[in-house]
Amino acid sequence: MRKFLFLPLLALLASCGKNEDCDIVTPQPEDLVSPALYATLSQSSTDPYNGPLEVLPCETNGSFYIGNYTAKGKQVPFPAYYLITNGIGKSQKYPLRLPVGTYNVIYWGYPDYFSTAGDAYLADPTLIIGKKLNTTSLGLRKIPGDTVYYPIHSLVYGTQNINIGKDDLQAHLKHASAALSVIVSETNGDAFSDAIDSMWIYISNIHSNLNYFSARPEGTFKTISFGLKPSTNRTEFNNNFVSVFPSQPNPMFQIFVQLSNGTIKHYQQKLTTQLNAGTRTTVNLSMDGVLLEEGDTGEFQIDKWKEQHDSIHISLN
């Protein structure tokens, strides 16, 4: 859950230059402007964005956070919140309200939030009016009682220098997270034995944070864990795409296979690609039967465009 604090405003309004005397005055409600909002997402083409979107205004050409204003003119640290449908923003309770002037606006969107709730988590930053947004970050959330971390919600990010009172909010968004899917099958195409109870994945060398102002990865490196589900006919174990922060080059990929007798088999190998922001990587892993022994053989076939595909073959010979 997001945390908010309030500190006195630090001469942030665009009308206050470095060499000007500036008395901060609480604006009257009628002096606040709520621009229309339009959002697009750049992928292989530019499409209308759909999903939740937060709007965080900062001082012009800087990162000091201004916050938002209520309908009664009270300044609060909560960001403006919109639900975007086909690129058009609607906000019944928390639209952006600002005095006329120029601002540096940061956008964060969560396009799959409602479909991944319960399976993905984020550690939100504490937002403080008057604090530099570039000193805060989004973080991973650790799985309780474990040393590994949850996947995150898919993230999109954008910026805009805007003249409130003249311009509309135009959120041109790009992916700030990477996506990963794993498909495990038998080499001969047979169904997996009932002796296999479950499978799960560790992906390591993932950045622990994304800077909240620039969307650049930062922090230390962590391991993300997620499970695989069998298909109805058990010819595959797979997952829907999960989202992660960007990785170091050649992140370590590990698969764990638990048998019905409680035995856990393990295989690991470094990917030959990197999980960069905006990439969707599919790892196709084929097994010669149940993992009876562990090895380090395998090959990768990679397409390093936005869609990336890696193939791993585990040979027991």
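The values are calculated or read from the model by the stated rules, or taken from the named source; none is laboratory data. Quick caveat, the model's predicted, so the values are computed rather than measured. Glycine also receives a Cβ, built like all others from the backbone with ideal geometry; neighbour counts cover every protein chain displayed.
Could you list all residues from the stretch 78-98 that are out of contact with any Leu (no Cβ under 8 Å at 6 or more places or on another chain), exposed (fewer than 15 other Cβ atoms within 10 Å of the Cβ) and either among the aromatic types (Phe, Trp, Tyr) or touching a residue at least 12 places away in the same chain (Cβ under 8 Å) (or both)?
Residues satisfying the conditions are Thr85, Asn86, Lys93.
Could you tell me which numbered condition Ala215 fails, if it satisfies all but one of (1) modelled with pLDDT of 95 or more; (2) in the same structural domain as Asp119 (by TED's automatic domain parsing); (3) of a type in the set (A, V, I, L, M)?
Here Ala215 meets the rest and fails (2).
For residues in the stretch 102-111 being of a type outside the set (Phe, Trp, Tyr) and crowded, with 20+ Cβ neighbours inside 10 Å, which is modelled with the lowest pLDDT?
Here the answer is Pro111.
If you check Phe192, Phe213, which single one turns out to be out of contact with any Leu (no Cβ under 8 Å at 6 or more places or on another chain) and either under 30 Å from Thr60 (Cβ atoms) or buried (at least 19 other Cβ atoms within 10 Å of the Cβ) (or both)?
Among Phe192, Phe213, only Phe192 is out of contact with any Leu (no Cβ under 8 Å at 6 or more places or on another chain) and either under 30 Å from Thr60 (Cβ atoms) or buried (at least 19 other Cβ atoms within 10 Å of the Cβ) (or both).
Kindly indicate the residue of the stretch 235-268 that is part of a strand (DSSP E or B) and surrounded by 21 or more Cβ atoms within 10 Å (Cβ to Cβ) and also farthest from the chain's Cα centre (by Cα) among those meeting that condition.
Ranking the qualifying residues of the stretch 235-268, first place goes to Val257.
Filter the stretch 53-77 down to residues that are over 16 Å from Phe213 (Cβ atoms) and surrounded by 16 or more Cβ atoms within 10 Å (Cβ to Cβ), then give me how many there are.
Total meeting the criteria: 4.
Criterion first (touching a strand residue (DSSP E or B) at 6+ places or on another chain (Cβ under 6 Å) and touching a residue at least 24 places away in the same chain (Cβ under 8 Å)) does Arg234 satisfy it?
no
When you scan the stretch 119-129, do you find a residue that is surrounded by fewer than 14 Cβ atoms within 10 Å (Cβ to Cβ), of a type outside the set (Gly, Ala, Ser) and closer than 21 Å to Phe64 by Cα, even just one?
Yes.
Quick check on my filter: what residues within the stretch 107-132 are touching a His at 6+ places or on another chain (Cβ under 8 Å) and in contact (Cβ under 8 Å) with a residue 60 or more places away in the chain?
Listed by number, the residues that qualify are Asp112, Tyr113, Thr116, Ala120.
Residue under question is Pro151, and the condition is that it be of a type outside the set (Ser, Thr, Tyr), modelled with pLDDT of 95 or more and either over 26 Å from Ser63 (Cβ atoms) or out of contact with any strand residue (DSSP E or B) (no Cβ under 7 Å at 6 or more places or on another chain) (or both); does it hold?
Yes.
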